[in-house]
Amino acid sequence: MGELKKVRTTCRSCHGGCGVIAHVKDGRLVKVEGDPESPISHGTLCSKCLAMTQLVYHPDRILHPMKKGRSGWERIGWDEALDTVIEKFNQVIDEFGAESIVIGQGTGRDYESHLYRFANQLGTPNVLTAGHMCYVSRVGATLITCGNLPVADWGGRPQCIVMWGCNPQWTNPDEHKGVDFWRAYKQGAKLIVIDPRRGFLAKKADLWLQLRPGTDGALALGFLRVIIEEDLFDQEFTANHVNGWEVFRQMVMDQTLDRIEEITWVNKDLIRRAARLYAQTKPAALQWGVPTEQTNNCTDCTRLLTGLMALTGNLDAPGGNAFFVPPPVRSVSAFSRHKDLSAEQRQKRLGGDQYKLASRVAMISPKAAWDAILTGEPYPLKAGLLCGTNPVITRAKAGEAYAALKKLGFLAVIDFFLTPTAELADVFLPAGTWLEQNHVADNWKRHGYVLARQKAVEVEECWQDHKIFMELGKRMGQEWWDTVEDALDYLLEPSGLTWEEFKEKGWLKGEQKYYKYKENGFSTPTGKVELYSTVLEKWGHDPLPKYTEVPESPVSSPELIEKYPYILNAGLRTPTFFHSANRQIPWLREIRPDPIVEIHPDTAQKHGVQDGDWIHIESPRGRIKQRAKLNDGIDPRVIVAEHGWWFPEIKDEGHGWDVSNINILTDNDPRTLDPVMASTNLRACLCNITPCREQ
Ligand SMILES: Nc1nc2c(c(=O)[nH]1)N[C@H]1C(S)=C(S)[C@@H](COP(=O)(O)OP(=O)(O)OC[C@H]3O[C@@H](n4cnc5c(=O)[nH]c(N)nc54)[C@H](O)[C@@H]3O)O[C@H]1N2
Ligand SMILES: Nc1nc2c(c(=O)[nH]1)N[C@H]1C(S)=C(S)[C@@H](COP(=O)(O)OP(=O)(O)OC[C@H]3O[C@@H](n4cnc5c(=O)[nH]c(N)nc54)[C@H](O)[C@@H]3O)O[C@H]1N2
Ligand code: SF4
Ligand SMILES: [Mo]
């Protein structure tokens, strides 16, 4: 019997951060448990992490590099795999230029520092992430508005919490985990929930505003109207720290609550009560969720919500929305060497002229990538490397994503499993999970912490992503370090700690200070909160935020209503799955075996649908099927569907990618995207439902 070893590390089965004690016996992970000393999770863990023993040793997991030959996938060694990628990349660079290579990742996974460093040294401006519709969009819009991302300060004891399209009990998004919100709530804070669906928090809320999906920008204008009209705003703050206060105030006063009620479906008296409660309770924290970004209103909505924090004096206030001070380590952007990308290459960024904010935060929209592959315009993409992303399932208009990736001349994918996206690749590189890596975790977040993630186990030939980027880069003559740990020493250098010292310590926290603007102003061109944006004005866009009607809605597309009478709200997270991941993990799949679409009982009755029936959901882009669950907590005009579905148990190449994949139905037409960020309308398009004949 081997000895039991306990390794303190940090989870990353979602955006990560929870402290874990990994139990290892004979080099094998046998169990994970929560670390009670973690400042992020205080000993709690969720089902995704608890099932890691099943993911790490899953029989379908790919444990060695592979290349696609005539008769399918063939096992190869790392040398051959890396050389194949490099050879192809060099060929494309010689013939077409480095910009014809696309490097991509999905949601935040703690390796963007390495991915961007690789891409920048390669010389390609074309990095594809999920950031256009998630988080980076929030960071980009707040950078130009108030210089940094304001994060709900749960530790500062907010007395009022506005949960604006966020469900942290299930999603534990980004910075702080749901447990910190919960602690703040339990201390007696008032709760306002803004959500089209009556979920766990809406049931607990003092006020629940059940808005029409996608109309958050209009509702924010309604809040602002009440706060300004009733003089509930912080006069000192607006007089001294807001750029364009007078024009902004006038624009808001031009809105009427009757009109806002009509747009949002929220009763105007309820808007008034909620705005008063938020503005009159100090301090108050507003937690925004990703649905506010997955619209054509992404940038403006984020700016309006920032306006609410600013007007009520909650910006950088304890218990409000703070700018957390990072610990002294190198930032992702310092590590990434964005300077290495020449101005000439930067100018070639796909869609850069059009989506200026996306370009400023160094990424492209998926639509621009698919167009370049499918049409060769403005120039062709010829090769790609995708790490930890499954665009065939997770990007809008999945049929187009599939066609483009299938056509791409050469594709390498880094993942654990042969997903529908990985099946389209020429080379597969097997990644190590977070239990198989050393890293300074959470360094991309803005909560003021970095956390030690240390290797607990090694599994066959799998490499941690960071190492893959380093080894590819070194073979292309790029500047890297000998080992992953050497690179971590560099990341940690400003703290005076080495990786070995840091991993013993476990975590570092920046020294928090509030109201920094009182000394230094805000990091914007005017030093003020730019509710009137000088940056957007320079780019030729409206400097004032506004609400623009959702492009496919009962209001903007009356011609579609007869055929597609319902609003499809696609992408509700569920606790056990992370986007397209985990469908093959027995413990997790057992909890939620089928893709679920929620419909109101009245709507179900109209279509002769019973709870549990399979139904077809159809939009102008296509048709899929999911299993109906009746829910009277949604509006009868709204359909709420899960995203991320494919079926690993279907053993052909497609793994059922087009059976229940809700993104077959969503759209990416440029006319429907956010004009500066290219955000996609994932949470509001039109659809119809019909019962499936075959159940
Ligand atoms: N309709 C609709 N679509 C959506 C959304 C929605 O709300 N509605 N949400 C969107 C949002 S917010 C996001 S962020 C995107 C996410 O989009 P993606 O990031 O593309 O989605 P995932 O399914 O999380 O990632 C896919 C792959 O990463 C692999 N993976 C996990 N961890 C690692 C790792 O450490 N290394 C490597 N190499 N691979 C790893 C998994 O096995 C999985 O196959 O989806 C978006 N899609
Ligand atoms: N278990 C699990 N956790 C995850 C993920 C996952 O796939 N699974 N994904 C991760 C990722 S990448 C992200 S971005 C985060 C997102 O996490 P959150 O920001 O919490 O986003 P969601 O859970 O998609 O939606 C939050 C709430 O918004 C409501 N909502 C839907 N449409 C609208 C709308 O138009 N307006 C408003 N105001 N509310 C709306 C939903 O009903 C839901 O209750 O979660 C992360 N955590
Ligand atoms: S919430 Fe995220 S970081 Fe925490 S245990 Fe679950 S998957 Fe891991
Ligand atoms: Mo996301």
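Some values worked out for this structure:
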{"quantity": "Residue check for THR44: more than 16 Å from ligand 4 (Cβ to nearest atom) and buried (at least 22 other Cβ atoms within 10 Å of the Cβ)", "calculated": "no"}
{"quantity": "Matching residues in segment 573-630 - criterion: being under 27 Å from TYR402 (Cα atoms) and of a type in the set (A, V, I, L, M, F, W, C)", "calculated": "PHE577, PHE578, ALA581, ILE585, LEU588, ILE596, VAL597, TRP614, ILE615, ILE617, ILE624, ALA628"}
{"quantity": "Within segment 199-211, considering residues that are in contact (Cβ under 8 Å) with a residue 60 or more places away in the chain and in contact with a strand residue (DSSP E or B) (Cβ under 7 Å, 6 or more places away or on another chain), the one nearest to ligand 1 (Cβ to nearest atom)", "calculated": "ALA202"}
{"quantity": "Pick from segment 376-397, criterion more than 25 Å from ASN661 (Cα to Cα) and out of contact with any Gly (no Cβ under 7 Å at 6 or more places or on another chain), ranking: nearest to ligand 2 (Cβ to nearest atom)", "calculated": "LEU381"}
{"quantity": "Filter result (out of contact with any Leu (no Cβ under 6 Å at 6 or more places or on another chain) and within 26 Å of HIS338 (Cα to Cα)) within segment 496-519", "calculated": "GLY496, LEU497, THR498, LEU508, LYS509, GLY510"}
{"quantity": "LYS31 out of contact with any Lys or Arg (no Cβ under 8 Å at 6 or more places or on another chain), within 16 Å of ligand 4 (Cβ to nearest atom), at pLDDT 95 or above and not polar (S, T, N, Q)", "calculated": "no"}
{"quantity": "Residues of segment 349-370 classified as assigned to a helix (DSSP H, G or I) and under 23 Å from TRP444 (Cα atoms), total", "calculated": "6"}
{"quantity": "From the options LEU286, LEU305, LEU257, LEU277, residue that is away from ligand 2 (no atom under 16 Å from the Cβ), under 23 Å from ASN167 (Cα atoms) and assigned by TED's automatic domain parsing to the domain that holds THR171", "calculated": "LEU277"}
{"quantity": "LYS367 more than 13 Å from ligand 1 (Cβ to nearest atom), more than 26 Å from ALA570 (Cα to Cα) and at pLDDT 95 or above", "calculated": "no"}
{"quantity": "Strands (runs of 3 or more DSSP E) enclosed by segment 429-515 - at least 2 residues per element that are crowded, with 22+ Cβ neighbours inside 10 Å", "calculated": "439-441, 449-453"}
{"quantity": "Failed condition for VAL7, given (1) part of a strand (DSSP E or B); (2) closer than 30 Å to ARG349 by Cα", "calculated": "(2)"}
{"quantity": "Selection within segment 101-157 - assigned to a loop (DSSP other than H, G, I, E, B), among the β-branched types (Val, Ile, Thr) and away from ligand 4 (no atom under 16 Å from the Cβ)", "calculated": "THR124"}
{"quantity": "Segment 403-421: number of residues that are over 20 Å from the mean Cα position of the chain (by Cα) and either among the basic types (Lys, Arg) or under 14 Å from PRO366 (Cβ atoms) (or both)", "calculated": "6"}
{"quantity": "Given (1) more than 20 Å from GLY352 (Cα to Cα); (2) more than 16 Å from ligand 3 (Cβ to nearest atom), number of the condition PHE416 does not satisfy", "calculated": "(2)"}
{"quantity": "Failed item, numbered, when ILE591 is tested on (1) away from ligand 4 (no atom under 16 Å from the Cβ); (2) among the aliphatic types (A, V, I, L, M); (3) touching a Cys at 6+ places or on another chain (Cβ under 9 Å)", "calculated": "(3)"}
{"quantity": "Hits in segment 514-530 (condition: touching a residue at least 40 places away in the same chain (Cβ under 8 Å) and at negative phi)", "calculated": "TYR514, LYS516, TYR517, PHE522, SER523, THR524, THR526, LYS528, VAL529, GLU530"}
{"quantity": "Qualifying residue in segment 89-110 (condition: surrounded by fewer than 22 Cβ atoms within 10 Å (Cβ to Cβ), within 16 Å of ligand 3 (Cβ to nearest atom) and farther than 21 Å from LEU418 by Cα)", "calculated": "no"}
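The values are calculated or read from the model by the stated rules, or taken from the named source; none is laboratory data. Note that the structure is predicted; figures quoted are calculated from it, not measured. Neighbour counts run over all protein chains shown; Cβ positions are idealised from the backbone, glycine included.
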